[in-house]
Amino acid sequence: MKTCVVIGGGIGGLVTGALLAKEGYQVTVLEKNAIIGGGLQTFKRNGVRFPTGMHIFGGFQEGGNLRKLFDYLGVMDKIKLRPTDEDTNDEVSFVDENVTYRLPKGKDRFVDYLSDCFPDEKEQIKAYVDRLFELTEEEELFYLHEAPENGLSHSDDFLGSVNQLMDKYLTDVKLKSLLGYLSPLIGGPGETTPAYIHALLSTLHINGTYQFVGESQQMADALAQVIENAGGQVVANEKVVRIEVDNRQVTQVVTQKGNTYQADSYISAMHPDVLLKIIDSQAFTTAFKQRVQSVPETMSSFKVFVKLKENTIPYINHPTFCLAHADEWPQSMMYVTPPVENQGIFAQTIVVICPMAFEQVRSWEQTTSGHRGADYLSWKQKMMDKVLDCMSLKYPVFRNSIEFCFAASPLTIRDYYGNKEGSNYGFQKDSNNLMLSQISVATKVKNLFLTGQNVNIHGLCGVSLTAIESAEALVGHNTIVRKINNFCPNHP
């Protein structure tokens, strides 16, 4: 039996580990936090459960890429998902103008709705949305198609920026702003973010999104069970602090507790910048290290978690995106009301996510959680009050509906996930210099491979699909994709 150590028990590490376990590998996953799961983790505050991430995701419709992947892994019957509303898959509000759009599920309905809202751009809207779906066809893995050994050549639209794509098809400024509502989930500006990232994320939402019912932790636990049932182990609270390399091969990893782990292969699900800090200094060239350290990060965020009083705010079965043109923060935000078992008409909690640059917390960069000082706590309260004021514009009774609330800053995200500068989605992709942020799953260290959001595409879908690529680097090109498609022959 071949052995593999996976460093990092987030989505990328767990899916990669589960795929290798099904291929006969004895897998050991090492997670630095006390709870596995990364963005799938839930945490408890005053007896109430809150999700850390993975609030809204696509790919689980019949025939969807994640539906097929997790069917193959045998975890679909162990997780509870709730589809968002058919008529309002996403709600987008322009707060300053008091205008709200309710985007329906499905490509044709999406196009028809926008055409009714912007009749002068009817033909352009159809052409634009058609082009989005065409661009996703250029990403073979997105549809779990077997990819040629040498990859595919891409169109100019695929490699261009989001703004360039919109300008090519659309003229109405308001329409462009509306169709850019997912920008906070992309993490980069429209003038440089590659159009293919926008296309992949947009089509996932157009096809229909989902939420976890109850704890998102259920998926992490189900993936861990796949690994353990195959004879592997998932070890929490086991932070890797050193990766030893000899003759271009990893010989062992050492944890903070002094434990050592050895295997035939090693997969890092950590941020590459963190990896470079704990691996032997001679493992990678100076040029590679400088390149990794020079890649800008995607935007971080400021999150507010609210426990609501009973029977106060209605449950909303879709995410709401609020866009504002004001000069002061927050310029935009997204909020969700996570569903629970036997969800009624009222929400129990609300999570509000606002994009925030790490520069806002730079002065406390060297501090640790719980020891950031009174000035930080004062700033944090001020930012939370701004978010609550914005929510009060949507719900005038909002403040009176709060049982308790608290916030997390980019520093919280950085320390919890181990992401550089609290980045939400890892490396920022730049259409003007795509090669800068392109990191291969294979490294110059012969038995060390990479997985996670910095390698390819972020989000539950992107990271899970990248896990296939990472696992296939060990077991053979297209091996797992072929098995997934053979296992799910009835999926369209």
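The values are calculated or read from the model by the stated rules, or taken from the named source; none is laboratory data. Computed from a predicted model, the values in this text were never measured in an experiment. A quick note on method: Cβ atoms are made from the backbone with ideal geometry, for glycine too, and the neighbour counts reach across all protein chains shown.
Conditions (1) in contact with a Cys (Cβ under 6 Å, 6 or more places away or on another chain); (2) touching a residue at least 24 places away in the same chain (Cβ under 8 Å); (3) surrounded by 15 or more Cβ atoms within 10 Å (Cβ to Cβ); (4) under 19 Å from G188 (Cβ atoms), marked per residue:
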position	(1), (2), (3), (4)
S332	no, yes, yes, yes
Q343	no, yes, yes, no
C354	no, yes, yes, yes
Q360	no, yes, yes, yes
S363	no, no, no, no
Considering only the stretch 389-410, I want to know if a residue exists there that is touching a residue at least 12 places away in the same chain (Cβ under 8 Å) and within 25 Å of Q290 (Cα to Cα). yes
Give me the pairs: first residue in the stretch 146-161 and modelled with pLDDT under 80, second residue not β-branched (V, I, T), beta-carbon distance under 9 Å, and six or more apart or on different chains, which are they? E149/H477; E149/N478; G151/E140; L152/E138; L152/E139; L152/E140; S153/E138
Run down T260, T251 and say which single residue is closer than 22 Å to G418 by Cβ and surrounded by fewer than 20 Cβ atoms within 10 Å (Cβ to Cβ). T260
Across the stretch 277-327, which residue is farthest from H458 (Cα to Cα) among those that are surrounded by 15 or more Cβ atoms within 10 Å (Cβ to Cβ) and polar (S, T, N, Q)? T312
Please determine whether any residue of the stretch 55-74 is more than 21 Å from the chain's Cα centre (by Cα), surrounded by fewer than 21 Cβ atoms within 10 Å (Cβ to Cβ) and among the polar types (S, T, N, Q). no
Top-ranked residue of the stretch 440-492 - restricted to ones that are basic (K, R) and in a loop (DSSP other than H, G, I, E, B), ranked as farthest from M76 (Cα to Cα): K444
Near pairs, Cβ below 7 angstrom, 6+ apart or cross-chain, from the stretch 110-135 (touching a residue at least 12 places away in the same chain (Cβ under 8 Å)) to any residue that is of a type in the set (D, E) and part of a helix (DSSP H, G or I): R131/D157; L135/D157
Assess whether S423 counts as being over 17 Å from the mean Cα position of the chain (by Cα), buried (at least 18 other Cβ atoms within 10 Å of the Cβ) and touching a residue at least 24 places away in the same chain (Cβ under 8 Å). no
Pick from the stretch 443-462 the residues that are of a type in the set (A, V, I, L, M, F, W, C) and either modelled with pLDDT of 95 or more or in contact with a Ser or Thr (Cβ under 7 Å, 6 or more places away or on another chain) (or both): which of them is farthest from L275 (Cα to Cα)? I457
Which one of the conditions (1) out of contact with any Phe, Trp or Tyr (no Cβ under 6 Å at 6 or more places or on another chain); (2) not in a loop (DSSP other than H, G, I, E, B); (3) not polar (S, T, N, Q) does E215 fail to meet, given that it meets all the rest? (2)
Going by what's in this entry, would V397 be described as of a type in the set (V, I, T), farther than 20 Å from F43 by Cβ and in the same structural domain as V245 (by TED's automatic domain parsing)? no
Taking the stretch 28-47 as the region of interest, how many residues are within 28 Å of D85 (Cα to Cα) and at pLDDT 95 or above? 0
Taking A230, is it buried (at least 22 other Cβ atoms within 10 Å of the Cβ) and aliphatic (A, V, I, L, M)? no
I'd like the full set of residues that are in contact with a Lys or Arg (Cβ under 6 Å, 6 or more places away or on another chain) and either within 17 Å of L69 (Cβ to Cβ) or assigned to a helix (DSSP H, G or I) (or both), limited to the stretch 218-239. A222
Restricting the stretch 361-416 to residues that are among the basic types (K, R), touching a Lys or Arg at 6+ places or on another chain (Cβ under 9 Å) and part of a helix (DSSP H, G or I), the one nearest to N33 (Cα to Cα) turns out to be R414
Quick count over the stretch 242-277, residues being hydrophobic (A, V, I, L, M, F, W, C) and more than 25 Å from the chain's Cα centre (by Cα), is 6
Is it the case that Y210 is buried (at least 19 other Cβ atoms within 10 Å of the Cβ), aromatic (F, W, Y) and in a loop (DSSP other than H, G, I, E, B)? no
